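The values are calculated or read from the model by the stated rules, or taken from the named source; none is laboratory data. If you're wondering where the values come from, they're calculated on a predicted model, not measured in any experiment. Heads up, the Cβs are rebuilt from the backbone with ideal geometry, glycines too, and the neighbour counts pull from every protein chain shown.
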Amino acid sequence: MLNWIESRTGFISMTKDFLTEDIPGGASYWYVFGSATMFAMILQITTGIFLTFFYAPSAATAWESTRAIYLNPYTHFLLSMHYWGASAMIALVFLHLLQVLIWGAYKSPRELQWIVGVLLLLVTLVLGLSGYLLPWDMDAYFASQVSLNIAGLPPGGALLQGIAQGGGTMGTDTINRFFGIHVWLMPAALVALVGAHLAIFRHNGPAGPVVDDPRKMRPGRFWPDQMFMDGIASLVVFFIIIFLAFVAPPFLDAKADPTNAAFVPYPAWYFLFLFGLLNFVPVLMQGSHIPFLVSQANAPWVELFAAIVIPTIGGIIVLVLPWLDRSTTRSFASRAGILWTTFFVIVAIVALSFYAQSTIQAHIAASGVTPQTEDQILAAPPPNAGGTSNGTGETVGAPGGGAGAASAQVTAGQSVFSQNCSSCHGANGQGQPGVAPPLAKNPFVTGDPKAVINVVENGLHGQAVMGQTFSAPMPAWKSTLSKKDIADVITFIRGGLPGNSASAVKVSAVK
């Protein structure tokens, strides 16, 4: 059988060549970072595939489906493993890249191998960024909004932001784009880059440790010694992920509410240093005592400089490092300048991360908002499931809230509204200035019911004028909602939102 497979594929001889490959200096735990990263990638792909079985990517269902995942202990553990696996993978890619830099293994003939490794780190960070939005809770919404706003800073960035966001405001199109990037585009790029990285590695062979005379290094084999060490390292990574998934599962915040301006987002740990840089540069300029810098500390170009220019220049320097390093050997002494620069950059990244954390905590304390615990959030019914106070003493969605509106219709319509409409129009129908019109105390929605039915069924494209001009397109719901759902949600809007007291809409009218 093996001979038959070998004669038709060559897999047996390729496997033998791979397993019997010489390891410069012999097997070592210093060489395990690449294999551990590969294991973390496989774990992420596996857990991610199973999570797609339970996740529904839309503004109406993303948070609800994530909440359902949290309420089931098995899917909650699966999500926790995926969450900590992402952190492990990003940390391992960074450590692997750092080891290559310290050992000088980026030098000729391994320049392209280094570039592919840097691109792998960037793709892994994009995976973390795109996955952060998917729960569609408060932190995911506002942290991702910061990222999208940063993408819109450079010239032409507004177009990029619009493409990534799916329009003028965040909603279902944003989730679908981030879901596609996270589940399809970036994993495809990741697998392609890993394949290229391994192919180049096989061609060049391992660089080995930094020694004066490589000829004096003792030889070693990949199998069984190095594979055993790689397996031990991967097993340790796996146990750490399982332990963290048990003792520190990710937190699910309340469902995204775009109107909650007091909320302070908390970025993922691997982006904390960028947030710190964004906040530190204006502070540094204000403390410089140079009149021009002090006056420009809060100018728009400062945010562009801190969030785009500095990270881009840093990324380019890292990419072209093999050509910037003019030393003729890999010895530490000949590359002392690069190694000391690397040390100070890492110290700066850590310091900026701690600075960002303290700044965020100060902002949260200053906001005066008492955060809910996860148990409170998960124990509560989905948003607006039984009528909620709007802060003025009125109850939104209370049965019988409108003249002639049947209480059962209002209750049913409130559920439809919270799942499909509240992400744009607000939980209480207050709308978003310049984006989506308010529905509470709006004479259009309490006027001719035929006009309202037409808008809900067929949508509005371009600019919607209802006393004001709003940029976000109104989707057509006739292919998504049933006739009963449309009648119920219009009844709720006309008679259940604060200040509205119009007649109910019957299913026959919608038909």
Polar (S, T, N, Q) and closer than 25 Å to F239 by Cα, is that true of T61? no
Which listed residue, of D225, D253, is of a type outside the set (V, I, T) and surrounded by fewer than 19 Cβ atoms within 10 Å (Cβ to Cβ): D225
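Has the range 333-350 got any residue that is assigned to a helix (DSSP H, G or I), among the charged types (D, E, K, R) and at pLDDT 85 or above? Steps first, answer last, please.
We begin by selecting, within the range 333-350, every residue assigned to a helix (DSSP H, G or I); these are 333-350.
Imposing the further condition that a residue be among the charged types (D, E, K, R) reduces the set to 335.
From what's left, at pLDDT 85 or above: 335.
Taking every residue of the range 333-350 in turn, at least one turns out to be assigned to a helix (DSSP H, G or I), among the charged types (D, E, K, R) and at pLDDT 85 or above.
Let's see how each residue does on (1) within 30 Å of R330 (Cβ to Cβ); (2) in contact with an Asp or Glu (Cβ under 7 Å, 6 or more places away or on another chain); (3) touching a residue at least 40 places away in the same chain (Cβ under 8 Å):
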{"residue": "W103", "(1), (2), (3)": "yes, no, yes"}
{"residue": "K107", "(1), (2), (3)": "yes, yes, yes"}
{"residue": "L134", "(1), (2), (3)": "no, no, yes"}
{"residue": "F179", "(1), (2), (3)": "no, no, yes"}
{"residue": "P187", "(1), (2), (3)": "no, no, yes"}
Of all helices (runs of 4 or more DSSP H) fully inside the range 210-314, the set with 2 or more residues that are over 26 Å from M38 (Cβ atoms) and β-branched (V, I, T) is 272-286
Residues that are at positive phi and surrounded by fewer than 16 Cβ atoms within 10 Å (Cβ to Cβ): does the range 111-133 have at least one? no
Picking from A143, A105, A91, which residue would you name as being touching a Leu at 6+ places or on another chain (Cβ under 9 Å) and not basic (K, R)? A143
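Tell me which helices (runs of 4 or more DSSP H) are completely within the range 107-171 and hold 1 or more residues being of a type in the set (V, I, T) and farther than 30 Å from A436 by Cα, or say none if there are none. Write out each step before concluding.
Details: elements: 111-133, 138-151, 157-165.
Correct list: 111-133.
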Closer than 17 Å to G171 by Cα, at pLDDT below 80 and out of contact with any Cys (no Cβ under 7 Å at 6 or more places or on another chain), is that true of Q468? no
In the range 302-334, anything under 14 Å from W114 (Cβ atoms) and in contact with a Ser or Thr (Cβ under 8 Å, 6 or more places away or on another chain) is listed as P322
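With the structure loaded, tell me whether I12 is outside the structural domain of F239 (by TED's automatic domain parsing) and modelled with pLDDT under 95 or whether it fails that test. Walk me through how you get there before you give the answer.
On the way: outside the structural domain of F239 (by TED's automatic domain parsing): yes; modelled with pLDDT under 95: yes.
Yes; evaluated as a whole, the condition is true for this residue.
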